[in-house]
Amino acid sequence: MSSNDTEPGNPDRFSALCQTHGDQDLADLARSSGLSEAAADAVAAIDAVMAKVRRSIQRRDFGRLILARIDPSLEVSHLDAIIALSAGDTPRDEVTVGIIAERMGIDPSRASRISADLVERGYAVRVASQLDARRICLKLTTRSERLVTAVRQTKWRIFAGSLAQWDEQELVTFALLLERFAAWATDEAKMTKAADAVKQMMDETEPG
């Protein structure tokens, strides 16, 4: 192997190292923005990997497999509500439907229906708030607490197992780069600007 084959920017080296090949239109766009061949291919590969992860998350594969074995009558939204009940800094006996809606990112009316289902199925109980007796809160049952513990521990084992072969430097570098990469997704100004750009492109290409 020549010394050029080991250069970080060598596209052949990237292709040999990375098993994922992304959209060539994206790679071409990245190259037109000034990226090298290898960097453009890497950008396309990152997009393809993200798409795979996103599809898996949207399908909720892990959650559906769990529910199929634990209680097929439950939907993934029920599992989300159970997790929401157990999460956050709010004391376990002070979680209201409103808090569940906020944690799940859904409207209160839907959170109320899901919460009622959990109570009816024995996964949650209604309790009076210790801070305000007029307020009704929800609390996990023992069965739900066991489910949350089992899901979290299993998820952590899978996650840790998938990274078990990585050395310390790889893990630290990946964590730093992932945090840096994810910053764009939480930058509201950039997202607004991108949405405006989409609208502008649509207007410019609209048939006259």
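None of the figures in this text is laboratory data; all of them are computed from the coordinates on show. This structure is a prediction, so every number in the text was calculated from the model and none was measured. With ideal geometry, Cβ positions are generated from the backbone for all residues, glycine too; neighbour counts draw on all protein chains shown.
Can you give the angle from 0 to 90° between the axis of helix 142-162 and the longest principal axis of the chain, with both taken from C-alpha atoms, to the nearest 10?
10 degrees
Just round it to a whole percent: the fraction of Cα-Cα distances in the chain exceeding 29 Å.
49 percent
Based on other C-beta atoms within 10 Å, arrange MET104, MET50 from fewest to most.
MET50, MET104
Is the C-alpha gyration tensor of the range 112-208 telling us rounded, prolate or oblate? Criteria: a/c under 1.5 is rounded; beyond that, a/b larger than b/c is prolate, otherwise oblate.
Oblate shape, in that a/c is at least 1.5 and b/c is the bigger or equal ratio.
Counting other C-beta atoms within 10 Å, which of LYS155, LYS139 has the fewest, and how do the rest follow?
Starting with the residue having the fewest Cβ neighbours, the order is LYS155, LYS139.
Please rank ARG126, ARG31, fewest neighbouring Cβ atoms within 10 Å first, as an exposure proxy.
On the way: ARG126 11, ARG31 16.
Final ranking by Cβ density, sparse to dense: ARG126, ARG31.
For GLY22, which sequence-distant residues (separation of 5 or more, or a different chain) have an amide H within less than 5 Å of its own amide H, given hydrogens modelled in the peptide plane?
Correct list: ALA45.
Debye calculation, C-alpha points only, no solvent: report log10 I(q)/I(0) for the range 71-154 at q = 0.10, 0.13, 0.20, 0.26 Å⁻¹, in the same order as the q values.
-0.21, -0.36, -0.86, -1.45
For the pair ARG113 and ALA48, how long in nm is the line joining their label points, each one 7 Å along Cα→Cβ?
Here the answer is 4.0 nm between the modelled labels.
Quick check: net charge around LEU163, other residues with Cβ under 12 Å of its Cβ, Lys/Arg +1 and Asp/Glu -1?
That sum, taken over residues with Cβ under 12 Å, equals -2.
Nearest 10 degrees, 0 to 90: what angle lies between the long axis of helix 61-70 and the longest principal axis of the chain (Cα atoms)?
30 degrees
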